[in-house]
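The values are calculated or read from the model by the stated rules, or taken from the named source; none is laboratory data. Fair warning: this is a prediction, and the values are worked out from it, not measured in the lab. Here Cβ is always computed from backbone atoms with ideal geometry, including for glycine, and neighbour counts include all displayed protein chains.
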Amino acid sequence: RKEVEQDPGPFNVPEGATVAFNCTYSNSASQSFFWYRQDCRKEPKLLMSVYSSGNEDGRFTAQLNRASQYISLLIRDSKLSDSATYLCVVNKFNAGGTSYGKLTFGQGTILTVHP
Amino acid sequence: GAVVSQHPSRVICKSGTSVKIECRSLDFQATTMFWYRQFPKQSLMLMATSNEGSKATYEQGVEKDKFLINHASLTLSTLTVTSAHPEDSSFYICSAHGAEAFFGQGTRLTVV
């Protein structure tokens, strides 16, 4: 089983639609969680961190459920520019309690927003 | 501007030759950097952790003698793909972590 699993999609949605992506992780020692966005042939860029309390940044809302080891990303009012691959990423702390910095990436979910 | 700079962005080389990729942290000192590889339609896979002043730590299945890593300063890590073969063609990305992970722009390697 992969350590981080995502539905690869692709998701094809019209402009203005609301779309949700899900991600599960298998390592309960995972401590911090992120959504990254990757455009074709480019490096990943941080979209937002994910907190247990849930967090929102404009049209984007992220949720974390530690009990279910489940992360979600909701995009409202989709724009053409939202078309990209969305990567679910987890980070595991080392024994000392500081960030190990070793990120594990999900396969990515492809989103295409069409006019 | 970029926090982590990677060079070159694209390289085409002949089979059997070696290619060096540089990764520089521009705004901070990075005692640790990470090298990833991404094949088409797949996710980023960690290859190795580059440690300043000491040996790199390689992930299982990654040949340390083929992918040479040097982290001689706090701002520079290099990855050398030795005796490259067509199956080494991939997108190689480095990262350094401060408050978040910063990625280089990536290097698209094509071995012909």
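The single condition among (1) of a type in the set (A, V, I, L, M, F, W, C); (2) more than 14 Å from chain B (Cβ to nearest Cβ); (3) under 26 Å from B:ARG10 (Cα atoms) that A:CYS40 does not meet is (2).
One residue alone among A:PRO14, A:PRO10, A:PRO115 is loosely packed, with under 15 Cβ neighbours inside 10 Å and closer than 18 Å to B:GLN38 by Cβ, and that residue is A:PRO10. Tallying residues that are more than 12 Å from A:PHE21 (Cβ to Cβ) and at pLDDT below 95 within region A:65-89 yields 6. The single condition among (1) modelled with pLDDT under 95; (2) under 14 Å from B:PHE102 (Cα atoms); (3) not polar (S, T, N, Q) that B:CYS23 does not meet is (1). The set of residues from region A:43-82 being small (Gly, Ala, Ser), away from chain B (no Cβ under 14 Å) and either touching a Phe, Trp or Tyr at 6+ places or on another chain (Cβ under 8 Å) or farther than 27 Å from B:VAL4 by Cα (or both) comprises A:SER52, A:SER53, A:GLY54, A:ALA62, A:ALA67, A:SER68, A:SER72, A:SER78.
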